[in-house]
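Participant: First the structure, then my questions, so here it is.
Taken together, the values in this text are just the output of simple stated rules run on the coordinates, not laboratory data. Keep in mind that this is a model prediction, so the values were computed, not measured. Positions of Cβ are generated from backbone atoms using ideal geometry, with glycine treated the same way; all protein chains shown enter the neighbour counts.
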Amino acid sequence: MMLESERETMPKDELHVVQLERLQSTLNRAYLNVAHYRRAFDDAGILPDDVRSLTDITKLPFTTRQDIEKCYPYDMFAVPLREVVRIHTSSGQARRPIVTGYTANDLKAWARLMARFLVGAGITKDDVIQIAFRYGLMTGGFGFHAASELIGASVIPADVGNTSEQVMIMRDYLTSIIACTPGYALILLDKLKETGINLKSLRLRRAILGAEKLSPVVRDKIEKGLGVEVFNSYGSSVVLGPGIAGECSAHDGLHVYEDFFIAEVIDQDTGRVLRPGEKGELVITTLMREAFPLIRYRTGDITMIKEQVCPCGRTHLKLEDFYGRTDDTIKIKGASVSPERIREILKASGVDTRTQLRVYREGPYERADVLLEVGEKLFFDEMRAQKAFMEKLEKVLHTGTSVRMNVKIVPVSAFKGEAAVVDERD
Ligand SMILES: [Zn+2]
């Protein structure tokens, strides 16, 4: 099943002509309208007109998260604010969130790309889709929402949380598709079992996942537990939201929508472009974004390109499942959190000590502990007594990262190894 089969199965050489044309137009618009790109290109001694083939893209400078942070809030926008019809921000991992804008065309394109993914996953207007992604400043809920409406499915904007109600909705509203993070699918599964609902009585047939790494173990639990076919997706709230790449019925990697994006995988240390099959950092260039064009954006996500003919008929390249991040950033309950950000928040509250973030599962629930290493005995006792202070720290961490974490005081050398993050989830 394809939404736009002409586009999705376009012969590679034609696809490359489309990509080059759109790349040149993006470069011209970015150079003309975004001071950052003009400076970066000038510094690299390159002009948009110097890019005459797709391989010339390697001459262009990378764009990093730090570059965008410096342009807070609107200096990366390539159109005037009056043409922007939607504003989102990336999840709270940085001092300043990344603010992205969408023109009306950007929103239409976003919905279409996501709809390609959903149609590829077999979703039709006969489906009832329960969207248990966050609606708010982050892009998740909205990305799935607009695409589901475009297809004509019955959309339930359930948001995240209130799991008892979600389970009731799933049963009573005849949900056939659940869209959520892998972590939340496990929580729903647990709640369904706890409530004693006969899973066979549900209409559920697909789980559409995204926003987190999906391990084979978790995938298997969801497929077997919920009795659904799982389709994974990849997105980035900086680049667009969900809808950059999606799994097809072959269940062997995620197709990048190459008429909208150029995907490269690079060696994170040298910046050298790697060949298919070599693992490295994913770099994305947008080809159709009007308000927020990104040129060679370093996503920090580690993957590899799979260059092989897909039995589904799509010609667009596929990415292997994701292996993690180039930095210490970690996804907890669908939100990105970095240890650096945690240290920053704690420092602002007067706590400047070695910390370790420990993430684990308690049943299906993700838990995060922030361990503070406290050396002196006296200080240790004092801190332990200050329950109110610990609660305050938990509150500022929640506000600053949008994730609930427990703060715990530990003596020196209680850390598990030297890593700033210990991820004990499957
Ligand atoms: Zn395929």
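Participant: Between D56 and D42, how many nm apart are label points set 7 Å from Cα along the C-beta direction?
Facilitator: It is 2.1 nm.
Participant: Taking other Cβ within 10 Å of each residue's Cβ, how do I342, I46, I178 sort, fewest first?
Facilitator: Numbers: I342 25, I46 17, I178 29.
Exposure proxy ranking, most exposed first: I46, I342, I178.
Participant: Sort Y173, Y37 so that the residue with the fewest other Cβ atoms within 10 Å of its own Cβ comes first and the one with the most comes last.
Facilitator: Least crowded to most crowded, the residues run Y173, Y37.
Participant: According to a simple spin-label model (label point 7 Å from Cα along Cα-to-Cβ), what is the distance in nm between E373 and L174?
Facilitator: The two pseudo-label positions are separated by 5.9 nm.
Participant: With 19 Å as the limit, write out which pairs from K125/K193; K12/K108; K213/K318; K213/K331; K279/K318; K125/K191 have Cα-Cα distances beyond it, or answer none.
Facilitator: Pairs exceeding 19 Å: K125/K193; K12/K108; K125/K191.
Participant: Return the FRET efficiency for the residue pair Y323, L150: r is the Cβ-Cβ distance, R0 is 45 Å, and the value is rounded to the nearest 0.05.
Facilitator: Between Y323 and L150 the formula returns 0.90.
Participant: If you wrap region 263-364's Cα atoms in a convex hull and average its projection over all directions, what's the area in nm²? Please list the in-between numbers first.
Facilitator: Values: hull surface 42.7 nm².
Projected over every direction and averaged, the Cα hull of region 263-364 covers 10.7 nm².
Participant: Taking region 287-340, which chymotrypsin sites (Phe, Trp or Tyr not before Pro) meet the DSSP loop condition and have no more than 15 other C-beta atoms within 10 Å?
Facilitator: Hits after loop and neighbour filter: Y323.
Participant: Sort out the exposed loop GluC sites (Glu not before Pro) in the chain (DSSP loop, at most 14 other Cβ within 10 Å) and tell me the longest stretch that has none.
Facilitator: 1-277
Participant: Let me ask something else. Each label point is 7 Å from the Cα along the Cα-to-Cβ direction; what then is the distance between the points at N28 and R205, in nm?
Facilitator: In this crude spin-label approximation the distance works out to 4.7 nm.
Participant: Right, something else. Ranking V238, V309, V256, V17 by Cβ neighbours within 10 Å, fewest first, what do you get?
Facilitator: V309, V17, V256, V238
Participant: Quick one: go through region 236-272 and flag any residue whose amide nitrogen is under 14 Å from the point 7 Å out along the Cα-to-Cβ line of E307.
Facilitator: The answer is 263-266.
Participant: Starting from the Cα-Cα distance between M2 and D269, subtract it from 0.36 nm times their residue separation and give me the gain in nm to one decimal.
Facilitator: Going from the current span to full extension adds 92.3 nm.
Participant: Moving on to the next point. Show me the three semi-axes of the equivalent ellipsoid for the chain, from the C-alpha gyration tensor (sqrt of 5 times each eigenvalue), largest first, rounded to whole Å.
Facilitator: Equivalent-ellipsoid dimensions as semi-axes: 35, 30, 19 Å.
Participant: Which cross-chain or sequence-distant (5 or more) residues have an amide H under 5 Å from the amide H of T63, H modelled 1.01 Å from N in plane?
Facilitator: HN-HN under 5 Å from T63: Y297, R298.
Participant: So what J values fall out for region 197-208 if you push phi through Karplus, 6.51 cos²θ - 1.76 cosθ + 1.60 with θ = phi - 60°, rounded to Hz, Gly and Pro as x?
Facilitator: Ordered by residue, 3J(HN,Hα) equals 6, 6, 4, 5, 7, 7, 8, 3, 9, 9, 10, 9 Hz.
Participant: Same structure again: At a Cα cut-off below 15 Å, give the aspartates and glutamates reachable from K408, other chains included and same-chain residues fewer than 8 away excluded.
Facilitator: The reachable aspartates and glutamates, counting only those whose Cα sits under 15 Å from K408, are D352, D369, E373, D381, E382, E391, E394.
Participant: Write down, largest first, the equivalent ellipsoid semi-axes of region 109-229 in whole Å, where each equals the square root of 5 times an eigenvalue of the alpha-carbon gyration tensor.
Facilitator: Numbers: eigenvalues 89, 46, 40 Å².
So the equivalent ellipsoid measures 21, 15, 14 Å along its semi-axes.
Participant: Excluding same-chain residues fewer than 8 positions from K224, which aspartates and glutamates have a Cα within less than 14 Å of its Cα?
Facilitator: Output for K224: D190.
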